[in-house]
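Below: the structure, in structure tokens.
What follows is calculated from the coordinates using simple rules that are stated; it is not laboratory data. Treat the numbers as computed from the prediction; the structure is a model and nothing was measured. As a convention, Cβ positions derive from the backbone with ideal geometry for all residues, glycine included, and neighbour counts pool all protein chains shown.
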Amino acid sequence: MSAYFGGHYGYSRSSTGKLLTCIEPIRVMALELIKHVDVKIEYGIRDQITQDELYNKGWSQKKWPGSKHNSPNLQVLTNPETMAENEKSRAVDISPYFGHLHPKVDWRDNEQSRAKFYVLAGTIMQVIRDLKKAGKLPADQYVRWGGDWNMNGDMGDQSFNDLAHWEMG
Ligand SMILES: [Zn+2]
């Protein structure tokens with residue numbers, strides 16, 4: 001069985017909880033995406049402790065509350081179920097499983113692991129185009145990918161890659 005075709009995917013409890021902390025366009029995109037490819041939601045909203053931790057590790061370039069993963073009103077994440085829509089994350093970090101062959105996310109910074117993120121990015125862009133066509137996302141929906149920050153289609157002009165990162169608000 002090819003890793004690319006077949007299989008029924010679904011979000012884990014952890015991914016579902018993180019998705020709940022994201023604004024509606026992200027949820028709409030992610031719920032469509034999982035029908036096509038096996039992915040994991042790494043981060044929706046990040047509270048101050050989480051953002052500080054990632055910043056200190058160098059995994060995020062933004063200090064709290066400057067990231068689209070942060071909500072200035074939300075210093076400590078409580079219950080995702082009761083979050084107000086305007087407190088939710090305007091960015092999501094999504095990683096590819098390509099489940100059958102590689103059950104775990106490969107975070108090594110090498111050609112092979114980067115290739116998986118680029119393949120996933122193509123699928124995400126297709127899903128967004130289809131959702132726009134179907135009227136399930138606005139035609140002018142803002143989208144920005146951390147693999148092409150200026151969204152000019154040139155992935156070689158990046159000063160910093162964040163291949164899992166998608167902003168939709
Ligand atoms: Zn991110």
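Structural remarks
- Sites Trp59 and Lys133 - FRET efficiency at Förster radius 41 Å, r taken between beta-carbons, to 0.05: 0.75
- Residues Lys63, Lys57, Lys88 in ascending order of nearby Cβ atoms (within 10 Å, fewest first): Lys57, Lys63, Lys88.
- Multiplying the residue separation of Val105 and Thr123 by 0.36 nm and removing their Cα-Cα distance gives an extension gain of 4.8 nm.
- Our helix-only sum for the chain, with -39,500 (n - 2.57) per DSSP H run of n ≥ 4 divided by its residues, gives a mean residue ellipticity at 222 nm of -9500 deg cm²/dmol.
- Shape call, the chain: gyration tensor on alpha carbons, a/c limit 1.5: rounded
- FRET efficiency, Gln75 to Asp140 (Cβ-Cβ, R0 35 Å, nearest 0.05): 0.60
- Take every pair of alpha-carbon atoms less than 8 Å apart whose residues are at least six positions apart; their mean separation over the length of the chain yields a relative contact order of 24 percent.
- Three-way shape call for segment 115-158 based on the alpha-carbon gyration tensor, with the a/c threshold at 1.5: oblate
- Note on Ser159 and Gln112: the extension gain reaches 14.9 nm, defined as 0.36 nm multiplied by sequence separation minus the Cα-Cα distance.
- Over 21 Å between alpha carbons, listed pairs Lys88/Lys136; Lys40/Lys104; Lys88/Lys133: Lys88/Lys133
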